[in-house]
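Since every read-out is calculated from the coordinates, none of them should be taken as a lab result. Remember, it's a predicted structure, so these values are computed and weren't measured experimentally. Here Cβ is always computed from backbone atoms with ideal geometry, including for glycine, and neighbour counts include all displayed protein chains.
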Ligand SMILES: Cc1cc2nc3c(=O)[nH]c(=O)nc-3n(C[C@H](O)[C@H](O)[C@H](O)COP(=O)(O)OP(=O)(O)OC[C@H]3O[C@@H](n4cnc5c(N)ncnc54)[C@H](O)[C@@H]3O)c2cc1C
């Protein structure tokens, strides 16, 4: 049929962008609709880290951490202009995680991802290094490395490459309806245009179930939890190019990350919410982050020091645990209705694993489109 696309993607966040790039590079005909601007939702409200996720080791998510560490290596190589390794310091406190537990975690973190140019972890004595930043109750800690990224740029670079390879990317274009017509989908956009596609991919991030319920009008198989994470930005709290991984007594972790040369980015919180729309920080979250700084740093801050805030929504796969422990891994729900056109819903995920996710999405669809593992290409070609 003329004007038939191979893949229609709802959502131009990092996941949609990564799939569009990978698929168009394999010669597939791709259409992506984004209701706002590409990369302007969750994918630009992150902590801007390409990281293994040290704390997920506590939840025994070894597979996720290993994949994330391998991807950290890949993304650093394909996007060198927007990524940079950054040291992270964990101040040790006797009350919380033991030295043995942290050393074990860091040993795994250094080794789970295989070969890397990123430096290994080490012990730090604050009388010798990173002086005059932390309060005197912290005398020693540990240093490990992760990678900082320009998250929005990462989306835009994937989109630009997808466009170069022939993908059609439409911004300010909302998908309002999608009907399965035997072996293809007919997708209606908010300008009333109708697009036909063999496959439909729902990469709407935290809006996933809104699409499932209101656009596709099918029963959602998986429930998700919408968890708001907020950051505050202050003038930089110290001069050194080092980030801190602060442990709170509620067992949560707060990052303090050097940001754009003159600022510190501090986050995040975790608050359950009902809607993915217009997330913004509450007063309580601001106080939580400020208190975390004031419990660790010599420099004390107050609400007046906040120059900006932003919040994003994590669509976490519901498994009835407390938010910190809910998996950050992704799950595909491939909806195949006999011989009818397939629908693939993407639940969860991380910025870090978007490339692998895109590759796995396409491989999962190889019954419908000519996709071959040995033609996987995105790990080698620079963005
Ligand atoms: C606070 C916070 C911090 C994080 N920090 C990190 C981190 O440091 N490192 C990391 O690896 N991961 C991090 N993550 C996770 C990461 O940001 C997300 O997993 C990732 O950005 C999700 O991308 P996405 O493409 O699924 O969603 P999104 O970026 O939200 O994209 C979905 C898109 O779908 C569009 N859309 C919705 N409905 C429609 C419709 N009807 N029609 C057309 N378009 C539609 C939306 O406008 C949106 O742009 C963090 C997440 C949060 C919330």
Which log10 I(q)/I(0) values does the range 32-148 give at q = 0.12, 0.15 Å⁻¹ under the Debye formula, counting every alpha carbon as one identical point scatterer? -0.53, -0.77
GNM, the chain, Cα, under 10 Å: largest mean-square fluctuation among 313, 187, 19? 187
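Arranged by the count of other C-beta atoms within 10 angstrom, fewest first, what order do 211, 306 take? Mind showing how you got there, number by number?
Working: 211 23, 306 17.
Least crowded to most crowded, the residues run 306, 211.
At a 10 angstrom cut-off on C-beta neighbours, averaged per residue, how do the peptides 226-232, 76-82 rank from highest to lowest? Before the final figure, lay out the partial values.
On the way: 226-232: 22.9, 76-82: 15.6.
Answer by packing, highest mean first, reads 226-232, 76-82.
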For the range 148-224, the Rg and Dmax computed from alpha carbons only, in angstrom: 14.5, 45
The chain: relative contact order from alpha carbon pairs under 8 Å, six or more residues apart, as a whole percent, is 23 percent
What's the long-distance tail for the range 1-81, i.e. % of Cα pairs beyond 21 Å? 47 percent
Return the single residue from 138, 88, 244 with maximal mean-square fluctuation; model: Gaussian network over the chain, springs between Cα atoms under 10 Å. 138
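Take every DSSP beta bridge with both residues inside the chain and express the antiparallel ones as a percent of the total, to the nearest 5.
Numbers: 60 of 78 bridges.
Given both bridge residues lie in the chain, the antiparallel proportion sits at roughly 75 percent.
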Starting from the Cα of residue 63, step 7 Å toward the Cβ, then list every residue of the range 354-383 with an amide N under 19 Å from that point. 354-365
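Based on other C-beta atoms within 10 Å, arrange 350, 37 from fewest to most.
Details: 350 24, 37 14.
Lowest count first: 37, 350.
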Calculate, for residue 283 and residue 262, the FRET efficiency according to 1/(1 + (r/R0)^6) with r their C-beta to C-beta distance and R0 30 Å; round to the nearest 0.05. 0.75
For the chain, built as a Gaussian network whose Cα springs stay under 10 Å, the top-fluctuating residue of 184, 368, 60: 60
Centre separation in Å (Cα based) which lies between the range 66-127 and the range 335-363: 29 Å
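Order 112-119, 199-206, 290-297 from most to least packed using the mean count of other Cβ atoms within 10 Å. Provide the component values of the computation, followed by the final result.
Details: 112-119: 13.1, 199-206: 26.6, 290-297: 18.4.
The peptides rank, most packed first, as 199-206, 290-297, 112-119.
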Over the Cα atoms of the chain, how large are the radius of gyration and the largest Cα-Cα distance (Dmax), in Å? 21.5, 71
